[in-house]
1. Tally Lys and Arg at +1 and Asp and Glu at -1 over the other residues with C-beta under 11 Å from the C-beta of residue 152: what net charge comes out?
2. Return the whole-Å distance between the Cα centroid of the stretch 39-86 and the Cα centroid of the stretch 92-136.
3. For residue 53 and residue 2, what is the calculated FRET efficiency with R₀ set at 30 Å and r taken between the beta-carbons, to the nearest 0.05?
4. Taking the structure as given and computing Rg and Dmax of the Cα atoms in Å, which label from [x] 24.1, 78; [y] 18.3, 52; [z] 16.8, 52 fits?
5. For the stretch 74-178, what is the charge dipole size about the Cα centre, in debye to the nearest 20, if Lys and Arg each add +1 at the Cβ and Asp and Glu each add -1 at the Cβ?
6. Rolling a 1.4 angstrom probe over the protein chains, ignoring ligands and nucleic acids, what is the accessible area of residue 134 in square angstrom, nearest 10?
7. Taking the Cα centre of the stretch 34-110 as origin, work out the dipole magnitude from +1 charges on Lys and Arg Cβ and -1 charges on Asp and Glu Cβ, in debye rounded to 20.
8. Over the stretch 106-178, with every protein chain in place, what whole percent of the accessible area is carbon and sulfur at 1.4 Å, could you tell me?
Amino acid sequence: GVASATAYRPKFDLEHTRNLFFKKKEWVLIVDSFEKDNSRRFEYKQWFHLTPEAELIKDNHQHMVFYLPSMAKYLHMVDIISTSDRRVLVKGQKEPELQGWFSPHYEVAIPNYAVGFSRLGQEENIATLLVLSDHGQLVFSGEGKASSKDISICWKSDVAADGVTFNFDTKRVSGCAE
């Protein structure tokens with residue numbers, strides 16, 4: 001499946017498009033595209049806020065794994081085509097801004113992991129793959145590109161190969177050729 005939404009932020013003269021591609025019960029690919037009408041460089045961030053129960057199992061720049069005890073599953077977060085310049089991992093951060101908190105109701109704050117992938121530039125894309133798995137030790141490799149015209153991202157893991165190609169003009173989505 002595919003879902004897409006675009007928002008314009010006049011304060012920053014910025015258009016942000018979020019594209020969600022998914023295969024039910026297997027994976028979600030989130031591609032954020034940022035476009036500015038001026039030459040000023042900007043730091044774009046793609047944030048993910050996890051459940052407070054998430055336990056960090058593996059942490060490197062491009063691939064993080066969290067264990068979710070209530071599901072007995074591992075959540076793999078993968079910068080699948082190395083689109084981010086920097087990755088931030090916080091839990092219960094108070095300064096310089098509040099980040100990594102969950103509030104089930106008023107005046108209650110529980111620390112939780114927040115993951116931010118960022119990129120500095122004018123017109124940028126950030127692509128992150130989310131995979132729920134019974135396996136905590138998967139290795140991913142990916143290739144592709146993301147632009148304002150089309151997206152083509154393919155990946156392989158120890159247990160499967162998949163991916164997505166999408167053209168914004170035709171709205172046609174398909175898998176990757178083997």
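1. 0
2. Using only Cα atoms to place each centre, the spacing works out to 8 Å.
3. Calculated value: 0.55.
4. Computed from the coordinates, Rg and Dmax of the Cα atoms in Å corresponds to [z].
5. Its charge dipole is roughly 80 debye.
6. 100 Å²
7. Roughly 160 debye, rounded to the nearest 20.
8. Roughly 49 percent, rounded to a whole number.
The values are calculated or read from the model by the stated rules, or taken from the named source; none is laboratory data. Predicted model only: the values in this text are computed from it and were never measured. Quick reminder, even Gly has a Cβ in these numbers, built from the backbone with ideal geometry, and neighbours come from all protein chains shown. With ligands, DNA and RNA removed, areas are computed over all heavy atoms of the protein, side chains included. Shrake-Rupley method; radii C 1.70, N 1.55, O 1.52, S 1.80 Å.
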